[in-house]
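K.L.:
The structure follows.
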Amino acid sequence: MMKKPLSDPEESATDEAARAAWLYYVGGLTQDQIATELGVSRQRAQRLVSKAMTEGLIHVRLEHRIAGCLALEAELKRRFDLKTVRVAPRLGEGADPTHAIAPVAASVMERFLRQPEPQTIALGTGRALRAMVEELPKINCEHHKLVSLIGNISPDGTASNYDVIMRAADKLNARHYPMPLPVLLDDPEIRRSFYALPQLKIVALLAAEADVTFVGVGQMTESAPLYVDGFISAEDLREERALGAVGEIASWCFDSEGRYLESRLSRRVGGLRPGGREGAHTIGIAAGPEKVTPLRAALKGRLLNGLVTSEETVEALLA
């Protein structure tokens, strides 16, 4: 039998109905609260709960593959005091976790894109974010702004393979503000000179006032994306690890307590640290065994207040 695609509309609608039913029957939320949590109207929240009933998803327990994920979401949200958590069901041994979380992450981003009020959305880069953007539907978002947190130029002068803002802008018809800088600069003075330019000041201001920020989370092992993709040297990696680095967000390294490091490498980062205005969402998109250590540190240090990840990753985080 041919498998349904990850983004199958019928399956997604059933997932949403299951989520609404779990929030109503297990979480004890009202339909107004469910509507707020899912980013839908009260009428749609009511229809979703009814759909779960008519399709036989509600018995003594929720008979749906997402039920375990919903329980994990609630526990992770409670444990780390998070605003937003979405957990993708496991795909099985050997599957790429990025493919599992991409459609779930896209649905979270779509909640913000569907808002009638103008939103400023800041974006990091990386494989997970690129996969998320590829799952987005085409939406007319001309009232929103997209802003990049990180430079889009690789060490060899070419455009970064994992830059996402241009891909997103093409799909969303949104005003977008790329970061026309190398990911890493050789001289901190050059960075200061760039940020003296009016165009870069605009990007920095928008990023600082972002309503929501989506970022990938990288590990700082031998498989570190910054190292594998040629942005940092083996010496850079050893130096950061000696200082306690366990992960990085938008090229900014942090330790096991979730504290950003002040180092020789940090002075070379071309982009901006994530985190918009007070109360804004900063949502990490990451999954897989190598992400557990950096995610635990980022959550501990409150570098993130939202997370989209996989079932297996959450089980490891909560262990």
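K.L.:
In the Gaussian network model of the chain, springs joining C-alpha atoms below 10 Å, which of A250, A196, A210 carries the largest mean-square fluctuation?
P.N.:
It is A196.
K.L.:
Work out, in µm²/s and without decimals, the Stokes-Einstein translational diffusion coefficient of the chain at 4 °C, 1.567 mPa s, Rh from Kirkwood over C-alpha pairs.
P.N.:
64 µm²/s
K.L.:
If I take every Cα pair under 8 Å that is 6 or more residues apart in the chain, average their sequence separation and divide by the length, what percent do I get for the relative contact order? Mind dumping the intermediate values first?
P.N.:
Numbers: 583 pairs, mean separation 57.4, N = 319.
After rounding, I find 18 percent.
K.L.:
Using a 1.4 Å probe, what is the accessible area per residue for the chain, in Å²? Walk me through the numbers before you get to the answer.
P.N.:
Numbers: 15100 Å² over 319 residues.
Normalised by residue count, the accessible surface of the chain is 47 Å².
K.L.:
Looking only at Cα atoms, what is the convex hull volume of the range 145-205 per residue, in Å³?
P.N.:
It comes to 77 Å³ per residue, whole-number rounded.
K.L.:
Give the carbon-plus-sulfur fraction of the accessible surface of the range 82-233 in %, rounded to a whole number; probe 1.4 Å, heavy atoms of protein chains only.
P.N.:
53 percent
K.L.:
Assuming a ≥ b ≥ c are the square roots of the Cα gyration tensor eigenvalues, decide whether the range 98-198 counts as rounded (a/c under 1.5), prolate (otherwise, with a/b larger than b/c) or oblate.
P.N.:
In terms of gyration-tensor shape, oblate.
K.L.:
Could I ask something else about it? Taking amide H positions as placed 1.01 Å from N in the peptide plane, with prolines and chain starts having none, which residues 5 or more places from A88, or on another chain, fall under 5 Å of its amide H?
P.N.:
T309, S310, E311
K.L.:
Something else: Just to be sure I understand: of the beta bridges DSSP finds with both ends in the chain, what percent are antiparallel, rounded to 5?
P.N.:
Numbers: 9 of 33 bridges.
Close to 25 percent.
K.L.:
Follow-up. If you fit an axis through the alpha-carbon atoms of helix 9-21 and take the longest principal axis of the Cα set of the chain, what angle between them do you get, 0 to 90°, nearest 10?
P.N.:
Here the helix axis deviates by roughly 80 degrees.
K.L.:
Sticking with this one: Output ³J(HN,Hα) for the range 309-319: one whole-Hz value per residue in order, computed from phi by the Karplus curve 6.51 cos²θ - 1.76 cosθ + 1.60 with θ = phi - 60°, and x for Gly and Pro.
P.N.:
After applying 6.51 cos²θ - 1.76 cosθ + 1.60, I find 8, 9, 4, 5, 5, 5, 4, 5, 5, 8, 5 Hz.
K.L.:
Springs between alpha-carbon pairs under 10 angstrom, Gaussian network model over the chain: which of I202, I153, I101 fluctuates most?
P.N.:
I202
K.L.:
Given the convex hull of the Cα atoms of the range 220-319, what is a quarter of its surface area in nm²?
P.N.:
6.5 nm²
K.L.:
Determine the percent antiparallel among the DSSP beta bridges restricted to the range 211-283, to the nearest 5.
P.N.:
Rounded to the nearest five, the antiparallel share is 65 percent.
The values are calculated or read from the model by the stated rules, or taken from the named source; none is laboratory data. This is a predicted model, so every value here is computed, not measured. These area figures cover heavy atoms from the full protein model, side chains too; ligands, DNA and RNA do not enter into them. Shrake-Rupley method; radii C 1.70, N 1.55, O 1.52, S 1.80 Å.
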